[in-house]
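**Q** Sharing a structure, written as structure tokens. Questions coming.
The values are calculated or read from the model by the stated rules, or taken from the named source; none is laboratory data. Predicted model only: the values in this text are computed from it and were never measured. In this analysis, Cβ positions are derived from the backbone assuming ideal geometry, glycine residues included, and neighbour counts consider all displayed protein chains. With ligands, DNA and RNA removed, areas are computed over all heavy atoms of the protein, side chains included. Shrake-Rupley method; radii C 1.70, N 1.55, O 1.52, S 1.80 Å.
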Amino acid sequence: MLTLEKRPQPSRLWTYLTPVVAVILTMLAGAVLFAFLGKDPVQSIRTIFWEPLFSEFAFYYRPQLLVKGAPLVLIAIGLSLGFRAGIWNIGAEGQYIIGAICGAGVGLAFYPMEAWFIFPLMVLAGALGGWAWAMIPALLKVRFGTNEILVSLMLVYVAEQLLASMSLGLLKNPEGFGFPGSRNLQQYPSAHNAELIAGSGMHWGVVSALVAVILAYILLNRHMLGFHIRLTGEAPRAARFAGVNPARLILFCLGTAGALAGLAGLFEVSGPSGQVSIDFNVGYGFTAIIVAFLGRLHPIGILLAGGLMALTYIGGEIAQSKLGLPAAAIQVFQGMLLFFLLAVDVTTNYRIRRVTREVA
Amino acid sequence: MTDTLLTIEGLTKAYPGVVANDNVSFAIREGEVHALLGENGAGKSTLVKMIYGLVKPDSGTMTLRGAPYAPAEPRAARAAGVAMVFQHFSLFDALNVAENIALGMENPPPMRDLAARIREVSETYGLPIDPYRTVGDLSAGERQRVEIIRCLLQDPRLLIMDEPTSVLTPQEVEILFQTLRKLTAEGVAILYISHKLEEIRALCDQATILRLGRNVGTCVPAGTTAREMAEMMVGSAFQAPERAPRELGEVALDITGLSVRSPSEFGTSLKNLHLTVRAGEILGLGGVAGNGQDELLAALSGELRTDADAIRLKGRPIGRLGPAARRQLGLLTAPEERLGHAAAPDMSLTENAALTGAQREGLVANGFLKWGKAREFAEAVIARFDVRTPGPGTAARALSGGNLQKFVIGREVMQRPEVLVVNQPTWGVDASAAAAIRQALLDLAGTGTAVLVISQDLDELMEISDRFGALNEGRLSDIRPAQELSVDEIGLMMGGAHGMEVAHV
């Protein structure tokens, strides 16, 4: 019989090993799944994990990794701060949308003026928009003790309605022949989040994501606020004893997550996507939750996990077009990653022992 | 009365990595109160679990009244006449006394008969209790009566009691002892586990002392001093705390009309407390747990805010300040719950040192933690308070209770507080660690700190405090000099015997 035995302290080795094991298990289970769908399992896995990086068309896919990975990392970093403290912001998708609307709105308000300050203003507006959207669950929680999971999640759907309204109404391109969607910011140089080096995929969002990783690392490991975040997550009573103000922490964590998600939305709408449209959001805000946990809520881990997730996105698309795998299968594949991670996670705090049943 | 009831021969039980009992032998005679003494982790619990059939020994034999005895489960032990009262009660609050007792029986009789038997047994042994009262309304002492009556209904030959007095006031202890003496007069043997040495001297006929799983000696408690028994338990010369004469200074902590609503539904609200502690003085607050101790600590640590003027530190109103600001001003606290309240279980000792030491030890600069200095501080606490651990990188939860408690108390003491408040400083801590902690509190008072000790351990409070008061249902008794108090007076200050009295039979 197998039993779980609590370790005296969390295993350091397993903390780092679990993501790797989870990825391997996902590959194996994914291969079985693809085999049942009648595809060659080895080739499917190879297509997802190998082609984007090393195939002959990798020059095209590699920049895409940055483009896909950056918003995931940016959002996940913000979420991880709250998750560390036991504050569950599930609504990053909504904060992402609102950030994009606000940022794009500021940019479009200046159209067609060309000035150096327009893009910085848009960045600010994007961050503020996401922050404000996250403040709704934060203030409700602090003031009335509402559950931030529900409130933030439901605000995603409100944000989606708002997005639809914006792309059909207020922000609709007046020269768009009646099609929904705003002007394309890629054609408005002052508002365009262009690649910093042509063809590299490197835009301001990627830079911000890297900066966010570094700042989060410093915050969590060196700063009192980060210490209080970790303390609150691990022992809430000890945190209050240490003098942590829970309300302030909730406002900070949700606010930061919202601002970073808003930034991600702004960089996306002004860069790779280009315009506010009804289906502009593609679920980065939800996928970032997986990224945050896959990265062990650790900034460096999140960076790696964001890259991995972007890989499965792009690899998944290649597999869809080349091998005809259904999109749903790719989504199952990504979901399995979180599932296995949480399952293998047990080994960090417990060791599995084989015991012969003791006679009472 | 001199027939041997239970003989234990060479009992051994090993768990992975530790031998809990190593070749333990002793004998209990009929009608005898036999004490089992030892520090935490000495193997007392494992031994009685083997006698009660909860754990199977690896080797060794037991003989009960001349017949081989090897209970496979508690039911077999009970059938053989062995009963046990556990330290933690297993009663359902929502049910009444009779229903609770019926639940533990194999074939419960009809409720009316059972209630009559409970009345009969309880009155015979001086443990009056109404079988129809709801357990949730009973005091700790009364709950213990229910557990004892449950055992007595089985007509046991051997009654095992695990730390029975830790939840009782002195009056309740006296009632319990009378009951136990009545039982032994009828030939029932009692195996009595405790580390309260004076109690054992008053009650027990024989004592077996365990250390690190081995039987290290037996003695007749009445003819042995508490100090000698303590030395046998610890295995070395025992350092009893010494109190140097101290000079009292100004009033450092002044509590005036402190009333606090408990944040918890099952907590006890504080009602109009008044007390002062002077620099260099130790004020001991006794009382059975759950009478407002946690709330008082929270009100002093700053976790609960009060009226600004209700708490004054050296004349300065601090009732509205948070924990960090109070620490800055010199009011330090150590809560009862070590893991999860005083320390974060999964964090290292270095991180836990920063938890309360950040402000006074200068571990923060511009909001950034100086981990190097925090580590030095943790190392200093570990070294000065003899905390047994591989190093400051160890997680708090990996430490034993006594070692973590030494760390938690040491962390506050090393910060040179103006006022230190500790709640249950030696709860669940072995004798040598407890002595070290008491000595540290005495030394701290000697340097001019005002110390407020909240504890259930009356011996501890009498040993170290200058003045004594008791908390009872959120109210504070008069505070009186500790030296002139008798045990009876202390009991009355703690709220008497919670309305319980000895049956007049």
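**Q** Tally the residues that are open to solvent by 30 Å² or more (accessible area, probe 1.4 Å) and closer than 20 Å to A:GLY205 by Cβ, restricting the search to region A:264-288.
**A** The number of residues fulfilling the criteria is 6.
**Q** Based on this model, can you work out whether A:THR18 counts as closer than 21 Å to A:THR348 by Cβ, of a type in the set (S, T, N, Q), touching a residue at least 24 places away in the same chain (Cβ under 8 Å) and open to solvent by less than 50 Å² (accessible area, probe 1.4 Å)?
**A** So A:THR18 passes the test.
**Q** Turning to a different aspect of this structure: Of the residues B:LEU270, B:LEU210, B:LEU258, B:LEU183, only one is touching a His at 6+ places or on another chain (Cβ under 8 Å), open to solvent by less than 50 Å² (accessible area, probe 1.4 Å) and at pLDDT 85 or above; which? Spell out the reasoning first.
**A** Numbers: B:LEU270 fails: touching a His at 6+ places or on another chain (Cβ under 8 Å); B:LEU210 fails: touching a His at 6+ places or on another chain (Cβ under 8 Å); B:LEU183 fails: touching a His at 6+ places or on another chain (Cβ under 8 Å).
Answer to the check: B:LEU258.
**Q** Contact list please: Cβ distance under 8 Å, first residue in region A:241-269 and touching a residue at least 24 places away in the same chain (Cβ under 8 Å), second residue part of a helix (DSSP H, G or I) and among the acidic types (Asp, Glu), pairs at least six apart or on different chains.
**A** A:ILE250/A:GLU148; A:LEU254/A:GLU148; A:ALA261/A:GLU93
Residue by residue, here is whether (1) within 14 Å of another protein chain (Cβ to nearest Cβ); (2) modelled with pLDDT under 95 holds:
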| residue | (1), (2) |
| --- | --- |
| A:SER200 | no, yes |
| A:GLY233 | yes, yes |
| A:CYS253 | no, no |
| A:LEU263 | no, no |
| A:GLY274 | no, yes |
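**Q** Okay, moving on. Is one or more of the residues making up region A:236-258 β-branched (Val, Ile, Thr) and open to solvent by 30 Å² or more (accessible area, probe 1.4 Å)?
**A** Within region A:236-258, one or more residues are β-branched (Val, Ile, Thr) and open to solvent by 30 Å² or more (accessible area, probe 1.4 Å).
For (1) within 12 Å of chain A (Cβ to nearest Cβ); (2) open to solvent by 50 Å² or more (accessible area, probe 1.4 Å), each residue gets a yes or a no:
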position	(1), (2)
B:GLN293	no, no
B:GLY302	yes, no
B:ARG305	yes, yes
B:LEU332	yes, no
B:PRO345	yes, no
B:GLU351	yes, no
B:ALA358	yes, no
B:LYS373	no, yes
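**Q** Got a sec? Which of A:PHE286, A:PHE280, A:PHE293 is among the aromatic types (Phe, Trp, Tyr) and farther than 24 Å from A:VAL211 by Cα?
**A** Numbers: A:PHE286 fails: farther than 24 Å from A:VAL211 by Cα; A:PHE293 fails: farther than 24 Å from A:VAL211 by Cα.
Step by step, each of A:PHE286, A:PHE280, A:PHE293 is checked, and only A:PHE280 is among the aromatic types (Phe, Trp, Tyr) and farther than 24 Å from A:VAL211 by Cα.
**Q** Taking the criterion of being more than 14 Å from chain A (Cβ to nearest Cβ) and open to solvent by 50 Å² or more (accessible area, probe 1.4 Å), would at least one residue in region B:277-285 satisfy it?
**A** yes
**Q** Moving on. Looking only at residues in region B:409-429 that are of a type in the set (D, E, K, R) and open to solvent by 40 Å² or more (accessible area, probe 1.4 Å), which one is nearest to B:GLY235 (Cα to Cα)?
**A** In this case the residue turns out to be B:ARG416.
**Q** Just to be sure, is B:SER477 touching a strand residue (DSSP E or B) at 6+ places or on another chain (Cβ under 9 Å), open to solvent by less than 10 Å² (accessible area, probe 1.4 Å) and of a type outside the set (A, V, I, L, M)?
**A** Considered against the rule, which asks whether it is touching a strand residue (DSSP E or B) at 6+ places or on another chain (Cβ under 9 Å), open to solvent by less than 10 Å² (accessible area, probe 1.4 Å) and of a type outside the set (A, V, I, L, M), B:SER477 comes out as no.
**Q** While we're looking at this one, here's another question. Can you name every residue in region B:148-170 that is in a helix (DSSP H, G or I) and under 19 Å from the mean Cα position of the chain (by Cα)? Write out each step before concluding.
**A** Quick first cut of region B:148-170, residues in a helix (DSSP H, G or I) only: B:148-152, B:164-167, B:170.
B:PRO164, B:THR165, B:SER166, B:VAL167, B:PRO170 - these are the residues of region B:148-170 that are in a helix (DSSP H, G or I) and under 19 Å from the mean Cα position of the chain (by Cα).
**Q** Residue by residue through region B:171-223, note down the ones that are in a strand (DSSP E or B), free of Cβ contacts under 8 Å to residues at least 40 places away in the same chain and not β-branched (Val, Ile, Thr).
**A** Answer for region B:171-223, where residues must be in a strand (DSSP E or B), free of Cβ contacts under 8 Å to residues at least 40 places away in the same chain and not β-branched (Val, Ile, Thr): B:GLY217, B:CYS219.
**Q** Looking at A:LEU81, is it open to solvent by 10 Å² or more (accessible area, probe 1.4 Å) and of a type outside the set (Lys, Arg)? Before the answer, list the steps.
**A** Numbers: open to solvent by 10 Å² or more (accessible area, probe 1.4 Å): no; of a type outside the set (Lys, Arg): yes.
For A:LEU81, the condition - open to solvent by 10 Å² or more (accessible area, probe 1.4 Å) and of a type outside the set (Lys, Arg) - is not met.
**Q** Okay, next question. Name the single residue, out of those in region A:91-144 being among the aromatic types (Phe, Trp, Tyr) and under 27 Å from A:ASN245 (Cα atoms), that is most open to solvent (accessible area, probe 1.4 Å). It would help to see each step written out before you state the result.
**A** The initial filter retains those residues of region A:91-144 that are among the aromatic types (Phe, Trp, Tyr), namely A:96, A:110-111, A:116-117, A:119, A:131, A:133, A:144.
Cutting the leftovers down to under 27 Å from A:ASN245 (Cα atoms) gives us A:131, A:133, A:144.
On the way: A:TRP131: 112, A:TRP133: 38, A:PHE144: 153 Å².
If we take residues in region A:91-144 being among the aromatic types (Phe, Trp, Tyr) and under 27 Å from A:ASN245 (Cα atoms), then A:PHE144 is most open to solvent (accessible area, probe 1.4 Å).
**Q** Same structure again: Filter region B:360-371 for residues that are closer than 15 Å to B:ARG327 by Cβ and surrounded by 17 or more Cβ atoms within 10 Å (Cβ to Cβ); which is nearest to the other protein chains (Cβ to nearest Cβ)?
**A** Here the answer is B:VAL364.
**Q** Hey, among the residues in region A:202-230 that are open to solvent by less than 30 Å² (accessible area, probe 1.4 Å) and β-branched (Val, Ile, Thr), which one's farthest from the other protein chains (Cβ to nearest Cβ)?
**A** Among those residues, the one meeting the criterion is A:VAL206.
**Q** Taking only pairs six or more apart or across chains, which ones have beta-carbon atoms under 9 Å, a first residue in region B:321-345 that is assigned to a helix (DSSP H, G or I), and a second residue that is small (Gly, Ala, Ser) and open to solvent by 20 Å² or more (accessible area, probe 1.4 Å)?
**A** Matching pairs, first to second residue: B:PRO323/A:GLY243; B:ALA324/A:GLY243; B:ALA325/A:GLY243; B:ARG326/A:GLY243; B:ARG327/A:GLY243.
**Q** Please verify whether A:GLY181 is within 22 Å of A:VAL73 (Cβ to Cβ) and touching a residue at least 40 places away in the same chain (Cβ under 8 Å), treating the condition exactly as stated. Step through it out loud before you land on a result.
**A** Working: within 22 Å of A:VAL73 (Cβ to Cβ): no; touching a residue at least 40 places away in the same chain (Cβ under 8 Å): yes.
No.
Conditions (1) more than 14 Å from every other protein chain (Cβ to nearest Cβ); (2) in a helix (DSSP H, G or I); (3) open to solvent by 10 Å² or more (accessible area, probe 1.4 Å), marked per residue:
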position	(1), (2), (3)
A:GLY306	yes, yes, no
A:THR312	yes, yes, no
A:GLY316	yes, yes, no
A:SER321	yes, yes, yes
A:VAL332	yes, yes, yes
A:LEU338	yes, yes, yes
A:VAL344	yes, yes, yes
A:THR347	yes, yes, yes
A:ARG351	no, no, yes
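**Q** Go through region B:427-470 and give me each residue that's within 12 Å of B:GLY286 (Cα to Cα) and in contact with a strand residue (DSSP E or B) (Cβ under 6 Å, 6 or more places away or on another chain).
**A** In the first step, residues of region B:427-470 are kept if they are within 12 Å of B:GLY286 (Cα to Cα); the result is B:452-462, B:465, B:467-470.
The answer is B:LEU452, B:VAL453, B:ILE454, B:LEU458, B:LEU461, B:SER465, B:ARG467, B:PHE468, B:GLY469, B:ALA470.
**Q** Scanning for something in contact with an Asp or Glu (Cβ under 8 Å, 6 or more places away or on another chain) and within 30 Å of B:ASN21 (Cα to Cα), does region B:69-81 turn up at least one residue?
**A** Scanning region B:69-81 turns up at least one residue that is in contact with an Asp or Glu (Cβ under 8 Å, 6 or more places away or on another chain) and within 30 Å of B:ASN21 (Cα to Cα).
**Q** Failed condition for B:ARG157, given (1) in contact with a Gly (Cβ under 6 Å, 6 or more places away or on another chain); (2) crowded, with 17+ Cβ neighbours inside 10 Å; (3) at pLDDT below 90, with all others met?
**A** In the conditions (1) in contact with a Gly (Cβ under 6 Å, 6 or more places away or on another chain); (2) crowded, with 17+ Cβ neighbours inside 10 Å; (3) at pLDDT below 90, B:ARG157 misses (3) alone.
**Q** Show me the helices (runs of 4 or more DSSP H) entirely contained within region B:356-453 in which 3 or more residues are touching a residue at least 60 places away in the same chain (Cβ under 8 Å) and either among the polar types (S, T, N, Q) or more than 26 Å from B:ASP254 (Cβ to Cβ) (or both).
**A** Those helices (runs of 4 or more DSSP H) span B:401-413, B:431-446.
**Q** Another question about this same structure. Out of the residues in region B:308-318 meeting the condition of being in a loop (DSSP other than H, G, I, E, B) and touching a Gly at 6+ places or on another chain (Cβ under 9 Å), tell me which one is nearest to the other protein chains (Cβ to nearest Cβ).
**A** So the residue we want is B:ILE318.
**Q** Do the conditions hold for A:ILE302, that is, is it out of contact with any Cys (no Cβ under 8 Å at 6 or more places or on another chain) and open to solvent by less than 20 Å² (accessible area, probe 1.4 Å)?
**A** Criteria met by A:ILE302.
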